[in-house]
Amino acid sequence: MNALVLLLIGAVVLIAGYILYGGWLVKQWGVGEVAETPAHTMEDGVDYVPAKAPVLMGHHFSSIAGAGPITGPISAAGLGFGWLPITLWILIGGIFFGGVHDFGALFASVRHKGQSIGEIISANMSKRAKRLFLTFAYLTLILVVAAFASIVAGTFGAKYDEAGALDMAASASPASVAMISLLFIVMAIVFGFAVYRRGASLAVASIAGVAGIVLCIAIGLNFHPIYLSTNAWMWICGIYICVASVAPVWILLQPRDYLSSFLLYAMLAIAAVGIIFGHPDLTNAEGVGLTMMPTAESTSPIFPVLFTTVACGAISGFHSLVSSGTTSKQLDREIDAKPIAYGGMLLECLLAIMTLCAVGYAYQIGTTAGATDIFAGGIAGMIVKIFGLEVGSGLYTVVYSLLILTYSTFCLTSLDTATRLARFMFQEFFTDGGKEPEGFAKVLSNKYVATIITVVLGIALGMNGYAKIWALFGSANQLLAALALLAVATWLGNAGKNNKMFLFPMGFMLIVTICSLIINTKNQIGLITAGGADWGPYVQAILGVLLVVLAIVLAIEGVQTIVKQSKKAA
């Protein structure tokens, strides 16, 4: 399969899905019927702040993208599933599963005062279901905070030789990325003040911001005096996300994510140029690259593993938390929900297909040292192929480094968004229909207390072996997606609107999740009974059983609600 053909087919299908299916959803749900969104009716200058559509798109897309649409297809390809099943799941999943999921979560939250999926469940199912969901979502977000903090700290951390001495040559690149990221944060704060406090034109500020990005990169590549260990960067990340979680969104979250999105758009453009003009075959005569269908060597069953591995590129429960946690509180006009949520999801699908193209070429040129190396190496390899250059040339190094920088930037973006979302979840656990909690619950629901607890748990887990339980994330993330689909379906039913487009995706993702959890739990029990297991398999086995029970309990309650709605309608 030629990479260009695959990209063109994917782009055409996604555009058609956005226009046809996305437009049909708008009509079915009555999107745009409400004049004012919570960003206006509940504006508080901290969390509820109206944002112009391009700015909010930047925040939303930066937050949901992260590393997911890159690592998912790469992992699936590494398991030998073949480019055709992966592509079909990206396209079908994105249009009929993930796009509906993200769009529905944002729309439902906007109609519930910008509250989270947990509050939607409380209003349309039960308070018990809400607390079960919030507990599960919060623990999942703690795992996300731990993972992304570790990725960021590892990317920034200096390298040391066997004697413990600083390796300046190996540490130069991480130090550059760290310096650029720090400068980027400062620039975002300046951008926020200029646009929201000085009334600067968004167009003019955007042009200045892009120029600032180039300047930050130039300075960081040539001036990077900060060499700190990975553990030191973990502590710094903890302090940063503490501040970012409670700071007004206009001063950091909105402007940084908006400016970060230009890096992502640039990454998409670079990848598109490489695929269009380089257009390599994803397989070659020696059979190195991507096969069309699963290989005989693949040891993982395509069901359910494919559907939990390619998550963000098709459907991801984390997206519903972003849609209903931060994006819904900043939506300026209800009609903007379609391009931001549904369009953002399909743009992520396009990135996933580009990643698949990069995988096929990376296998051929031998850049296979981890997900970042595969993606950056594959795209950079296609770029230098256009000019007849070799892997390792100066142009290759520049493109490769810029792609690595973009990857780390979006891990940082997802990190502070996940922290803010976890803080919201923690606070909502102690509220009852918007009523102010009392006593000790009031102390715990304080945003500063909730943030500190969240950050301490996340950073502690990140420094003490989160990887031992990371295998659970794929299943937990897709369970979040199934429960979000269930929540929105029950609300639409209670509101007298068509919710049938949610029923099959919801049922399918519940089955996928339960099957995946059962397989993983069985594997962990096998490790335990073999002897010598550390704490990881024990925790995975226990949590796996609990998540299966949670899925079944909430599914039963949700189905009962939907059945009652059907009887009432009849």
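The values are calculated or read from the model by the stated rules, or taken from the named source; none is laboratory data. Computed from a predicted model, the values in this text were never measured in an experiment. Backbone-built Cβ (ideal geometry, glycine too); neighbour counts: all protein chains shown.
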Which number in (1) surrounded by fewer than 20 Cβ atoms within 10 Å (Cβ to Cβ); (2) free of Cβ contacts under 8 Å to residues at least 40 places away in the same chain; (3) more than 20 Å from residue 61 (Cα to Cα) marks the one condition that residue 174 misses?
(1)
Residue hits (segment 30-44; surrounded by fewer than 18 Cβ atoms within 10 Å (Cβ to Cβ) and modelled with pLDDT of 90 or more) are 30, 32, 36, 40, 41, 42, 43, 44
Tell me which residues, restricted to segment 1-22, are over 27 Å from residue 291 (Cα atoms) and surrounded by 14 or more Cβ atoms within 10 Å (Cβ to Cβ).
18, 21, 22
Quick test for you: out of 369, 341, pick the one residue that is part of a helix (DSSP H, G or I) and in the same structural domain as residue 306 (by TED's automatic domain parsing).
341
Out of (1) under 26 Å from residue 462 (Cα atoms); (2) assigned to a helix (DSSP H, G or I), what's the single condition that is false for residue 195?
(1)
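Rundown of residues vs (1) modelled with pLDDT under 85; (2) over 30 Å from residue 262 (Cβ atoms), yes/no style:
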residue: 395; (1), (2): no, no
residue: 407; (1), (2): yes, no
residue: 433; (1), (2): yes, yes
residue: 458; (1), (2): no, no
residue: 469; (1), (2): no, yes
residue: 492; (1), (2): no, yes
How many residues are part of a loop (DSSP other than H, G, I, E, B) and surrounded by 17 or more Cβ atoms within 10 Å (Cβ to Cβ) when one looks only at segment 45-59?
4
So which residues in segment 352-373 are aliphatic (A, V, I, L, M), under 19 Å from the mean Cα position of the chain (by Cα) and buried (at least 24 other Cβ atoms within 10 Å of the Cβ)?
352, 353, 354, 356
Which condition does residue 263 not pass, out of (1) part of a loop (DSSP other than H, G, I, E, B); (2) in contact with a Ser or Thr (Cβ under 6 Å, 6 or more places away or on another chain), if it passes all the others?
(1)
Does segment 399-420 include one or more residues that are surrounded by fewer than 22 Cβ atoms within 10 Å (Cβ to Cβ), closer than 27 Å to residue 150 by Cα and either without any contact (Cβ under 8 Å) to a residue 40 or more places away in the chain or not assigned by TED's automatic domain parsing to the domain that holds residue 146 (or both)?
no
Could you list, ordered by first residue, the pairs with Cβ atoms under 6 Å in which the first is in segment 196-217 and not assigned by TED's automatic domain parsing to the domain that holds residue 263 and the second is surrounded by 10 or more Cβ atoms within 10 Å (Cβ to Cβ) and among the β-branched types (Val, Ile, Thr), at least 6 apart or interchain?
205/195; 216/180; 217/180
Can you work out which of the residues in segment 143-168 that are under 30 Å from residue 539 (Cβ atoms) and among the hydroxyl-bearing types (Ser, Thr, Tyr) is modelled with the highest pLDDT?
150
